[in-house]
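Below is one structure, written out as structure tokens; comments come after it.
Each reported figure results from applying straightforward, stated rules to the coordinates on display, with no laboratory input. Being a predicted model, the structure only gives us computed values, none of them experimental. Cβ atoms come from the backbone with ideal geometry, glycine included; neighbour counts cover every protein chain shown.
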Amino acid sequence: MVAKKDFNAPKHGDVDVPNLHVIKALQSLESRGLVHVQFSWQYYYYFLNDAGIDYLRKYLHLPVEIVPRTHIKTAKAPGIRPGAPFREDRQRGERRDDGYRRRDDGEKKEGATGDFRPEFRGGVGRGGPRPAQA
């Protein structure tokens with residue numbers, strides 16, 4: 001449940017009750033340890049935990065089979081990735097390397113040469129010697 005931090009709002013956006021009633025009811029559930037609250041950008045975000053689910057199930061006289069939609073696992077189609085187009089010209093697992101070029105010169109072109117010797121002298125930047133104080 002999401003509630004804007006507006007105690008004077010005449011009505012909550014999702015429920016037909018004043019926004020203050022929603023905030024205070026969920027604040028009561030939070031004090032009992034039944035919901036977790038996250039506050040960000042002037043909005044309260046309430047998350048029901050397992051103890052809160054059990055409490056509401058008993059309070060509303062609901063059977064055990066009824067669970068929140070966020071706890072229901074959906075069955076996904078095996079082997080199909082969302083957004084990946086199906087290509088009939090290739091078999092599964094077959095690679096296509098004609099568009100990928102690799103440099104196989106045998107020698108490394110990037111980086112510093114073997115004779116590169118960096119020097120670190122004092123007096124430059126933050127690590128320099130401190131001036132004598134009088």
For V37, the net charge from surrounding residues (Cβ-Cβ under 15 Å; K, R +1; D, E -1) works out to +3
Computed Rg/Rh for the range 7-46 (Cα atoms; Rh = Kirkwood radius) stands at 0.97
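I need the peptides 15-28, 61-74, 38-51 ranked by packing, meaning the mean over residues of other C-beta atoms within 10 angstrom, with the highest value on top. All intermediate terms of the calculation are to be shown ahead of the outcome.
Numbers: 15-28: 14.6, 61-74: 7.6, 38-51: 12.1.
Order by mean packing, descending: 15-28, 38-51, 61-74.
N19: net charge of surrounding residues, Cβ under 12 Å, Lys/Arg +1, Asp/Glu -1, itself excluded? All intermediate terms of the calculation are to be shown ahead of the outcome.
Working: positive: K4, K5, K11, K24; negative: D6, D14, D16.
Local net charge: +1.
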